[in-house]
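**Student:** Below you'll find the structure I mean.
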Amino acid sequence: MSFFPGKTYSSFIIREFIIAFIVSIIFILGLSFIVRVIQEIDKYKEFTVTQVIIIRLLEAPVIIMRECLLASSMFASVFTMAKLSKNNEILALRSCGVSVYKIITPLIVVGFLIFLLSILFEDKVVIKSLVMKDKYRDYLRGKEQRVYTRDRSNIIVFGENNVIYKIDRYLSGKEEMSGVMIIQKMKGSKIAYRIDAESAGWDGSRWVFYNGVYRSFSENGSIDDREVFSEFKTDIRDKPRYFGRETRNIINMTLKDGYKYITMLRKMGFDYKKNLTKYHRKIATSFTFFLVIIIGLALGSMPFKNALVVSFSMTLGIVLVFFFIIEIGYTFGKSGKIPPAMGGWIGNIIFLVLCVYLMRKLRV
C-alpha cells in the first residue's frame with residue numbers, strides 16, 4: 001500500500017513548497033539584514049564596508065535558523081496548500097479517490113527532514129559561525145583570541161570525587177588559580193587530604209600546585225603525612241571550565257557543551273533551571289518547524305481566494321502566538337513552578353494538540 005499520491009504529484013508539491021520556502025527565507029533574511037544595519041550603523045564605524053559585509057555573512061546562519069525557519073516553514077506550507085486548493089489541483093486528486101492524508105504526506109516527510117537537518121545545522125553551522133564572527137571581530141580590533149569564560153574571585157567549587165576547591169582568584173585566560181585550598185572528603189564528613197597552595201595551573205590534563213603544603217589524614221582525623229612542596233602534581237582532573245564564569249548563553253553552545261554546562265551547574269549547587277529550560281527549548285525549536293508545517297498544511301487546505309494574503313496573515317498570527325506561549329513556558333520553567341523540560345516543550349505540546357485536532361478535522 002502506497003502512502004504517497006504518485007511520483008509526479010509528490011515531486012510537484014515538494015517543488016512548490018521548496019520554492020515558497022526558499023523565497024520566504026531570502027525575504028526575511030534580507031529584511032533582517034537591513035534592520036540590523038540601520039540599528040547598528042554607529043557600532044561598525046570602525047570597520048570598512050567589506051569587513052561589515054563579512055561580519056553580516058557570518059551572522060546569516062544564525063538569522064536563518066532563529067529568525068527565518070519558523071516563519072518560512074509556516075508560510076510555505078500554508079501558501080502551497082492554499083495555492084493548490086485555489087487552482088483545484090487537490091480537488092482533482094480527491095475526485096480520483098486519493099485521500100487527503102495521502103495528498104499531504106510528501107510535505108509531512110519534507111517537514112520531518114527539516115526538523116532533523118535543523119538540529120545538525122544548529123550544532124554544526126550556527127554555533128561555529130558565531131565563534132568565527134567573534135574571532136574575526138576581535139582580530140579586526142586587535143584583541144587576543146576570545147575565551148568564553150570570565151575570571152572569578154573568592155569561589156568555592158565542588159568537583160569530581162568529593163573534591164572541594166576554595167579559590168581566592170581564578171584566571172580563565174591563563175587557566176590558573178591563586179590562593180588555593182583543596183579538600184578531598186572520604187565517605188561521610190571525614191577528610192582524606194588537604195592541599196594549601198600559593199597557586200595552581202592546568203597542564204592540559206590535570207592540575208599542578210605550586211608552593212604549598214600537602215596533608216593526608218587518617219580515619220580518626222590525625223595527620224598521617226605532611227609535605228611542603230614547590231611543585232605538586234596531582235590526579236585532580238576537573239576541567240578549567242568548572243572554575244571560570246561562562247560568558248555564552250546556553251543557546252549559543254552545542255548540545256553537547258550545553259549538557260556539560262548544565263551538569264556542572266547542578267553539581268556545583270548553582271541554580272540551573274533557567275539554563276535547563278533554555279536547553280530544552282533549543283531542542284524543541286527544531287521540532288517546532290515540523291509541527292508548524294503540519295498546521296500550515298491543514299489551515300492552507302481551507303478554501304481562500306487570496307493565497308498570499310492568507311498565508312502571510314496566518315504565519316504572523318501563529319508565530320506571535322507561539323512566541324507568547326514559549327515565553328510563558330520559559331518564565332514558569334526557570335522559576336521552578338513547572339519542570340524545566342515542560343517549560344521548554346510547552347509550546348510544542350500545545351501545537352501538537354492543535355496538529356492532532358486539525359488533522360482530524362481536515363477536509364480538502
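**Student:** In a shell of Cβ-Cβ distance under 9 Å around Tyr210, excluding Tyr210 itself, what net charge do Lys and Arg (+1) and Asp and Glu (-1) give?
**Tutor:** Numbers: positive: none; negative: Glu198, Glu231.
With Lys, Arg at +1 and Asp, Glu at -1, the net is -2.
**Student:** What residues have an amide H closer than 5 Å to that of Ile236, excluding those fewer than 5 places away on the same chain, when H is modeled at 1.01 Å from N in the peptide plane?
**Tutor:** Trp207
**Student:** Suppose a student asked you for the relative contact order of the chain, using Cα pairs under 8 Å spaced at least 6 residues apart; what percent would you report?
**Tutor:** After rounding, I find 19 percent.
**Student:** Taking 41 Å as R0, compute the FRET efficiency from the Cβ-Cβ separation of Ser189 and Ser230 and round it to 0.05.
**Tutor:** Plugging the Cβ-Cβ distance into 1/(1 + (r/R0)^6) gives 0.85.
**Student:** How long is the gain from Phe112 to Glu67 if the chain were fully straight, where each residue apart is worth 0.36 nm and the alpha carbon distance is subtracted?
**Tutor:** Length gained, Phe112 through Glu67: 14.3 nm.
**Student:** Also, quick follow-up: Label the chain by shape, choosing from rounded, prolate and oblate, from the square roots a ≥ b ≥ c of the eigenvalues of the Cα gyration tensor; if a/c is under 1.5 it is rounded, and otherwise prolate applies when a/b is larger than b/c, oblate when it is not.
**Tutor:** Since a/c reaches 1.5 and a/b is larger than b/c, the shape of the chain is classed as prolate.
**Student:** Go through Lys133/Lys267; Lys174/Lys278; Lys166/Lys278; Lys190/Lys274; Lys135/Lys174; Lys135/Lys334 and tell me which ones have a Cα-Cα distance over 23 Å in this structure.
**Tutor:** Lys133/Lys267; Lys174/Lys278; Lys166/Lys278; Lys190/Lys274; Lys135/Lys334
**Student:** Counting only DSSP beta bridges with both residues in the chain, what percent are antiparallel, rounded to the nearest 5?
**Tutor:** Here the share of antiparallel DSSP bridges comes out near 100 percent.
**Student:** Exposed loop sites here are GluC sites (Glu not before Pro) in DSSP loop states with at most 16 other C-beta atoms within 10 Å. What is the longest stretch of the chain lacking them?
**Tutor:** The answer is 220-364.
**Student:** Moving on to the next point. Can you give the calculated 222 nm mean residue ellipticity of the chain, where each DSSP H run of n ≥ 4 adds -39,500 (n - 2.57) and the sum is split over every residue, rounded to the nearest 500 deg cm²/dmol?
**Tutor:** -19000 deg cm²/dmol
**Student:** In the chain, which whole DSSP H runs stretch at least 27 Å along their own axis (Cα) and average 1.0 or higher on the Kyte-Doolittle scale?
**Tutor:** Counting only whole DSSP H runs, the qualifying helices are 7-39, 100-121, 307-335, 340-360.
**Student:** Let me ask something else about it. Where a ≥ b ≥ c are the square roots of the eigenvalues of the C-alpha gyration tensor, would you call the stretch 149-242 rounded, which needs a/c under 1.5, or, failing that, prolate if a/b is larger than b/c, or oblate?
**Tutor:** Here the stretch 149-242 falls in the prolate category.
Bear in mind that the values in this text are calculations on the coordinates, not laboratory data. Every value quoted in this text rests on a predicted model; they were computed, and no experiment measured them. As a convention, Cβ positions derive from the backbone with ideal geometry for all residues, glycine included, and neighbour counts pool all protein chains shown.
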